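Single-structure report; data block below.
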């Protein structure tokens, strides 16, 4: 029913007008209830995931999990020593921190290029487009790429390959936030610096970065949170390992891969350890996200 | 503006300090441009690698590779066809979109129109936290919580009620009672992409000029009439862009799907049958395949197809979202 129809009806016939009014408000109420329910559904899933995780994770999380390497299942025999996730924690810390170290400078420079040098140039637009595609591209394909580029020439899975795959995921996240934050800096600030006779690179390094620092740090934190839980690319690059290893040229364990392998093992004790690992990863990722949010809110 | 600044930055100017500055400027600009080129090369490298490594499979099976439903990695009778995994990828993602879009719209409507101000930030943050949870966690939760629930409560009910519908009833009836199925995968995917779609919708709904909405309210429109008659038409392009972004994410999602889809290389007859997706086939079979084998080449080849599909979807999404922002 169009608005003019409605107007004509209500003008001529008060009964029809009341019926129409009732229908319209009933529709409105129905949509309101639907939207409340939808929000409840969304929050319910979040609550269900978090409670399951905390329930099963904290039940299994103890000192042994944090301090021992992988051990095969005990088949419920309590006299046998239990295994843990030390190898995976160490491997994840190494790979995530190195990948952040490799990816951040590149992402920072690309973001700077897009915001300061190539706001409207053809090359700039191409880089922006490709970076946006990389941001959402299936991460397992990055694993395939690094497999062909690094794993095959080296002759085996390696921590180095894992680091490179994760670094490729870091770059577009840092690019996006860096560009956005640099673009927020007022032009007057730049003009003031240039007016004092500073070269452009000093303006960027000493003034723009300083003004945008909290946003840039937020971007790096979000990138860390993103790669800390990445599993698929690591499956094809660093693959996983059952002992603590610091050798970047050999296969290296990581928390997500260990969770994946142990969760699918079918043994209750290994599955419990997988829940403990899942809890560790999620706590880390959520903590980083919340810190990033607080940083960003302070800024605005 | 930036043009003006960059001209000043690199202007030829006599004097010792200025010269030092422009050398520094040239170096820094090239550093930045070089980093940009690295990004371009990475994407180019991904496309080329997937294509070249997949070429033996493309050559061996020809066009039939895309349409064949045989996938048999057993030695001696290897045969590889991509159709089942393409089908599983597309169907699970589209089902996920069907589940997620109404809920995402509800959340965006709640956050922009219904919720009192003090509630908007906490609820918005909670929904965004859903996006931060790693996919492996969704996979575990899906396997240990959602799959048993689907198996016990949803599958039979659907089969008994909707299964009776003539012609399309078979979609809801399955002989597989493991609970791992296309349906479970679509449900997990829907929860995963929900925050992306909801956040995009909320952001663009908020951009509608208040004057437009106020004039509709002034004419006596109800809240729903304002949203359906003013807000949605005004933001239509970005809303579709947000949905496409969610679709792009769903197509390439690997771990969560691998946990719950059942990884069966058979053509599913029903949404409650186990199936597989391109990303899960790669995750399941690649670590065990031999370097240089036909199987590995076939896995690269389906990776290339996945890249092609998600590239088209993501590029469309970006175009829709960008063109809205500019005008």
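No lab work stands behind these numbers, since they all come straight from the coordinates. Because the structure is predicted, anything quoted here is derived from the model rather than measured. FYI the Cβ positions are ideal-geometry reconstructions off the backbone, even for glycines, and counts take in every protein chain you see.
According to the square roots a ≥ b ≥ c of the eigenvalues of the Cα gyration tensor, what is the shape class of the stretch B:144-245, taking rounded for a/c under 1.5, prolate for a/b larger than b/c otherwise, and oblate for the remainder? If you can, show how the numbers build up before the last one.
On the way: a/c = 3.49, a/b = 2.27, b/c = 1.53.
Cα axes put the stretch B:144-245 in the prolate bin.
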Item to check | Within the stretch A:268-300: backbone nitrogen closer than 18 Å to the residue A:213 label point (7 Å, Cα to C-beta) | outcome: A:292-300
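So for A:291, A:146, fewest C-beta neighbours within 10 Å to most, what's the order?
Ordered by Cβ neighbours within 10 Å, fewest first: A:291, A:146.
To the nearest 0.05, what FRET efficiency results for residue B:161 and residue B:228 with a Förster distance of 41 Å applied to their C-beta separation?
Working: r = 30 Å, r/R0 = 0.74.
Here the calculated transfer efficiency is 0.85.
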Checklist entry - When chain A is modelled as a GNM with alpha-carbon springs shorter than 10 Å, which of A:254, A:25, A:265 fluctuates the most? => result A:25
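Before anything else, pin down the relative contact order of the stretch A:120-266: Cα pairs under 8 Å, at least 6 apart, normalised by residue count, whole percent.
Numbers: 151 pairs, mean separation 49.7, N = 147.
Rounded, it is 34 percent for the stretch A:120-266.
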Checklist entry - If the chain between residue A:41 and residue A:93 were fully stretched, how many nm would it gain, using 0.36 nm times the residue separation less the Cα-Cα distance? => result 15.2 nm
Next on the checklist: Based on alpha-carbon centroids, what's the gap between the stretch B:52-120 and the stretch B:208-226 in Å, whole number please?
Outcome noted: 39 Å
Item to check | Label zone at residue B:131 (point 7 Å along Cα-to-Cβ), backbone N below 16 Å, the stretch A:133-159 | outcome: A:133-137
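With a cut-off of 8 Å between alpha carbons and a minimum separation of six or more residues, what is the relative contact order of the stretch B:142-271 in percent?
Values: 104 pairs, mean separation 52.4, N = 130.
Computed over the stretch B:142-271, the figure is 40 percent.
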Next on the checklist: What does the C-alpha gyration tensor say about the overall shape of the protein assembly as shown? Classify as rounded when a/c is under 1.5, otherwise prolate if a/b is larger than b/c, or oblate.
Outcome noted: oblate
Checklist entry - Given labels modelled 7 Å from the Cα in the Cβ direction, how far is it in nm from residue A:298 to residue A:15? => result 6.9 nm
Checklist outcome for this item: Per GNM of chain B with C-alpha springs under 10 angstrom, the most fluctuating residue out of B:274, B:73, B:122 is B:122
Checklist entry - Using a Gaussian network for chain A with springs between C-alpha atoms less than 10 Å apart, which of these wobbles most: A:51, A:79, A:282? => result A:79
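Rounded to the nearest 500, what is the 222 nm mean residue ellipticity of chain B from helices alone, with -39500 (n - 2.57) per DSSP H run of 4+ residues and division by all residues?
On the way: 14 runs with 221 residues, N = 327.
So the helix-based figure for chain B works out to -22500 deg cm²/dmol.
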Checklist outcome for this item: Contour minus Cα-Cα span, residue B:284 to residue B:63, at 0.36 nm per residue, comes to 77.1 nm
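With the contact rule set at Cα under 8 Å and sequence spacing of 6 or more, what percent relative contact order holds for chain A? Working shown, then result.
Values: 398 pairs, mean separation 73.9, N = 300.
Value for chain A: 25 percent.
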Next on the checklist: Please state the shape class of the stretch B:148-198: rounded when a/c is under 1.5, otherwise prolate if a/b exceeds b/c and oblate if not, all from the C-alpha gyration tensor.
Outcome noted: prolate
Checklist entry - Per-residue ellipticity at 222 nm for chain A, helices alone: DSSP H runs ≥ 4 residues times -39500 (n - 2.57), over residue total, nearest 500 deg cm²/dmol? => result -24000 deg cm²/dmol
